Structure formats: structure tokens, C-alpha cells
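Only one structure is covered here, and it is reproduced in the block below.
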Amino acid sequence: MTRAEQPARRRPEKQQPAIRPEYITRKHAAALLQCSDQLISKWIKAGQLRAYRLSTHAIRVRRSDIDALMQQWSTPDPTEVRQ
């Protein structure tokens, strides 16, 4: 069997580890928080959420900041009294 007649050998595909990006888009942040990307922009303008500008139109937020917001919303405030 000549080389041309042999079936092509494929390299085994490497499993890429799930990469959790450090910086995410406003749209991705909005999806995680289940809100609109306009609200994310409003929080950025109000200073409630820190943003990082990569270029004129590319703005990213830190995933850790979004995680902190999610944690804050999911943890009940102990000072609130339930009736």
C-alpha cells in the first residue's frame, strides 16, 4: 500500500479546559445577571460597575465583579426583618 492509498491519520483532538474569561462583554454580563445590556451600561456610567475600555467600542467588565454582584443579590441582608 502506497502512502497515497493509506487513510489519513488524524491527531487525537485535545480536550480544551473550560476557560473562564477574566473580562467579559456587557452583553455576556447582562445574560449572566438576567438584565439588559443597557442596564449594565447604566451601572457603568453611574460608577456602580467598573468597566475596562479595550478600544473605542470594546468595553469589558471583570467576571469577578459580576460574580460579586450575583453573590450580593443571592445573600439575604441580615438587617432586613421578615414578617
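The values are calculated or read from the model by the stated rules, or taken from the named source; none is laboratory data. The model shown is predicted, which means the values in this text are computed figures rather than measured ones.
Before moving on, here are some points about what is shown:
- Scanning the range 20-50 for residues that are part of a loop (DSSP other than H, G, I, E, B) and of a type in the set (Lys, Arg) yields 20, 50.
- The lone exception for residue 12 - which of (1) at pLDDT below 75; (2) assigned to a helix (DSSP H, G or I) it fails: (2)
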